[in-house]
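The values are calculated or read from the model by the stated rules, or taken from the named source; none is laboratory data. Just so we're clear, the structure is a prediction, and the values are computed from it rather than from any experiment. Heads up, the Cβs are rebuilt from the backbone with ideal geometry, glycines too, and the neighbour counts pull from every protein chain shown. Quick note on the areas: whole protein, heavy atoms, side chains included, nothing else; ligands and nucleic acids left out. Shrake-Rupley method; radii C 1.70, N 1.55, O 1.52, S 1.80 Å.
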Amino acid sequence: MATLSVKPGQRFTLPSWHANSHLISADAERQRSASHRVRQEARALRNETNNQTKWDEHDNQTRLVERIGSVNRWKETLDKCLADIDAEIDALAKVKEATECALQAKNLPLEVSIECLTLRESRRAIDVVRDPVEEELHKEVKVIDQAKRELQQRVNEAFQQLCLLQEARQQLSGDHRRKMEALEIDRVCLSVSVNSPNISLKANPTRVPAGSTAPHEWEQHSQHNKERAEAEMKASTELREAALLAIAQTNNELEAQRVATEFALRKRIRDLEGAYDELRWQEQNTLEEIAETEEDIRLLEVDLRRKTQDLKVAHTRLETRTYRPRMELCRDQVQYGLTDEVQQLEGTIRALGRKLAESQAALDALSSQLYRVQTDIGYKASSLLLDNKCADSRRKLAVPAEKFVPEVDAFNRTARRALSPAEERAAGVG
C-alpha cells in the first residue's frame, strides 16, 4: 500500500498565520506613517530654508545697495573736496608766486634808495648834513628791508602750507581711490547670482580679515580726511589773505624772532654739548663695567669647570666604592661624606650656573646699553654738527649777502644779481 509523503519541517497554527499577517500589515502602516511624517517634515524644511535663503539674499542685496549708496555718497563728497583743494592749491601757488614777484620787485626800490644815499655822500662842507631827505631815505631802506623779510616769511609759510595741502590731498586721493575700488567690488558682489560663472566654495569665507574696521571707524576716517582738508584749506585761505596783505605791510617782530631763534640755537648747542659729554662719560663707565663683568664671567666659568672636575672626582669615588665586596659595601661615614659632597657640589654648580647666566644677561644688557649710548653719541654728534652748521649759516645774516647767498635762490627761484658799485660802497664792501 502506497504511503503519503509528509513535508518535513515546522508546522504553524492558523492563529499564528493570522497574527503574522496582522503584524506585517501593522508594520507596513507604521512605516508608511513614518515615511509620510518624514516627507512632510522635509517639505516644510525645504519651504522654510528656501524662504530663509531668499529673504537672506534679499536682505543682503538691500544691504549691498545701501552700502554702495553710502560709499558713493562719500565718493561724491571726496570728489568735491578734491576739486576744492585743487582750486585752493592753485590759488595759494599763485599767491606764493605773486609774493615772490613782490619780493623780487623790492630790489629796485632798495637799489634806488641806496644809490640816492651814496650820491648824497658826495656832498661837501656844510652841505653834508642830516636833513629830512636823508632821514626819509634811511627810513625807506629800513621799511623795504622789513618788507622783504616779511614777504620771505610769507613765502616760507606758503611753501609749508602747500606741502600740508598736498599731504591732505594725497590722503583724500587715497581715500577716494579706495572707495572707488570698494564700489567696484560691491557692485561685482551685487551682480553675482547662482547663475554667475566662477562661483565656488571658499575656504573659511566667514573669517574676519586682518585690518578690518568698524563702520563708525570707516565713517570717522573719511570724516577726518574731509575735516583735515577743510581745515588746511581754511588755513590756506587765511594765509593767502595774510600774504596779500603782507605785500603792502611790514612786520617789526621778525628781527626779534631772529634773535630769539639764535638764542635758542645757542642754548641748544650748549645743551647738546652737555649731553654729549655726559654720554661719553657713561660710555667710558659702561666699557669699564663690561670689562669687569667679562672678567667675573671668566672667573665664574673657571670656578664652574673646577667644581665640575671636583664633582667628577666625587662621582668617581662613589661609583668606585660600589664595587666593594659583600659586607665591605658599608654605608660608612665616607659614603655619607661623599654623598654630601656631591649634593653640595651639585648645588654649588647650579648656583654658579645661575650666577653665570645672570652675569651673561647683565653683560648682554650692558652691551645693549653700550650700543644705545654709542648710538645716541652718534646722534648727538650729528645734531651738534648740524646745529653748528646752522649757527654758521645764520652768521650770514650779519655778513654781506653776496658772500654767502648762491647765484640762484633755490626757494624764490630768482637769480641773484650782483650789487652795483653804489650798493657796495653803501654796504661797506667796496
message = Take Q104 and tell me if it is in a helix (DSSP H, G or I), surrounded by 13 or more Cβ atoms within 10 Å (Cβ to Cβ) and in contact with a strand residue (DSSP E or B) (Cβ under 8 Å, 6 or more places away or on another chain).
response = yes
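Out of all the residues in segment 274-309, which are open to solvent by 70 Å² or more (accessible area, probe 1.4 Å) and charged (D, E, K, R)?
Pass one, segment 274-309, residues open to solvent by 70 Å² or more (accessible area, probe 1.4 Å): 277-278, 280-281, 284, 287-289, 292, 294-296, 298-299, 305-306, 309.
Answer for segment 274-309, where residues must be open to solvent by 70 Å² or more (accessible area, probe 1.4 Å) and charged (D, E, K, R): D277, E278, R280, E288, E289, E292, E294, E295, D296, R298, R305, R306.
Residues of segment 150-174 being under 11 Å from L78 (Cα atoms) and out of contact with any Leu (no Cβ under 6 Å at 6 or more places or on another chain), which ones?
Filtering segment 150-174 for residues under 11 Å from L78 (Cα atoms) gives 169, 171-174.
Scanning segment 150-174 gives R169, Q171, S173, G174.
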key: Selection count where residues are surrounded by 13 or more Cβ atoms within 10 Å (Cβ to Cβ) and out of contact with any helix residue (DSSP H, G or I) (no Cβ under 7 Å at 6 or more places or on another chain), scope segment 167-191   = 2
request  = Taking only segment 274-307 into account, find how many residues are farther than 15 Å from L370 by Cα and either touching a residue at least 40 places away in the same chain (Cβ under 8 Å) or not in a helix (DSSP H, G or I) (or both).
outcome  = 8
Hits in segment 195-243 (condition: of a type in the set (S, T, Y) and loosely packed, with under 12 Cβ neighbours inside 10 Å) = S196, S200, T206, S212, T213
remark   = Over segment 302-323, the set of residues over 12 Å from L345 (Cβ atoms), under 60 Å from the mean Cα position of the chain (by Cα) and β-branched (V, I, T) is V302
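Test R372 against the stated conditions and say whether it is modelled with pLDDT of 90 or more and closer than 20 Å to E292 by Cβ. Walk me through it before giving the result.
Numbers: modelled with pLDDT of 90 or more: no; closer than 20 Å to E292 by Cβ: yes.
It is false that R372 is modelled with pLDDT of 90 or more and closer than 20 Å to E292 by Cβ.
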request  = Give the residue, chosen from S173, S191, that is of a type in the set (S, T, Y), under 30 Å from E238 (Cα atoms) and modelled with pLDDT of 80 or more.
outcome  = S173
